[in-house]
Amino acid sequence: MEAPSTMTQEEYMALWEEHGIDTATMSKKKASKPLSQRKLKSLNYKTLEEIQADLTNCQRCGLCEGRNKIVFGEGNKKTKIMFVGEGPGANEDKTGLPFVGRAGELLNKIIEAMSLSREQVYIANIVKCRPPSNRVPRPEEIEECLPFLKAQIDIINPDIIVALGLTASSTLSGEDCTMGELRGKFHPLFWNNKLSVMATYHPAYLLRNPAAKKVVWEDMKLVLKKTGAKRK
Ligand code: SF4
């Protein structure tokens, strides 16, 4: 997303943020190359608490430099459905919680429309620290941080992961495709093909493109069908 010639890129991003838009996940950004062809580190943790403790003050990648809080993820540790976004935005960085602010409110509505509550699912991101100016996380940052999400997913062992936006969708599926090609389909999680990833649009994209809400709902109906859940 390029700034107009009358303002700097940072001013442009700040303008979006002022209006409550999480610029971390704008649809026109290119995703980082998926990791699947490279080796993903396996970390040996038994509990989510162990992972979180190991991440205290994490400085494994450059994203530590600008962050206020690490956004570990939160929710039901025994859930069947996990939601994974790209990375923390300004509100998440301030609070340490995933998906707060306007995009988070919209995600809550999507979850409620599925007859679920936020407490019944687990919500996390591909990287746990906010990239500067909400840029797309770099491949080396994803490579450092993804093993911790992998460990979370391996412990929680959900039936389905809903990947929100291009970075999460391409990273988790391992497919280097556009959002249009990825969304609306189940893809095997690249390190565990027994686990399905549904790729769909990020709530921040829906704030700018409300017409796409209908499409996301179609995707969520597929998720509900697959998990055997029923809408009230
Ligand atoms: S993004 Fe992940 S690997 Fe990088 S500093 Fe934050 S917690 Fe550590």
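Bear in mind that the values in this text are calculations on the coordinates, not laboratory data. If you're wondering where the values come from, they're calculated on a predicted model, not measured in any experiment. As a convention, Cβ positions derive from the backbone with ideal geometry for all residues, glycine included, and neighbour counts pool all protein chains shown.
Values computed for the structure shown
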{"read-out": "Peptide ranges 149-159, 110-120, 128-138, 44-54 listed from the most packed, as the mean C-beta count within 10 angstrom indicates", "value": "128-138, 149-159, 110-120, 44-54"}
{"read-out": "Other-chain or far-sequence residues with amide H under 5 Å of Val197's (modelled H)", "value": "Ile161, His187, Leu189"}
{"read-out": "Surrounding net charge for Glu119, when Lys and Arg each add one and Asp and Glu each subtract one, Cβ distance under 12 Å", "value": "+1"}
{"read-out": "Modelled FRET efficiency - R0 22 Å, Lys39 with Arg60, Cβ distances, 0.05 increments", "value": "0.85"}
{"read-out": "Contour excess over end-to-end distance, with Cα ends at Lys194 and Asn68 and 0.36 nm allotted per residue", "value": "41.8 nm"}
{"read-out": "Cα-projected label distance for Glu112 with Cys177, points at 7 Å along beta-carbon direction, nm", "value": "3.3"}
{"read-out": "Residues Met220, Met82 arranged by fewest to most Cβ contacts within 10 Å", "value": "Met220, Met82"}
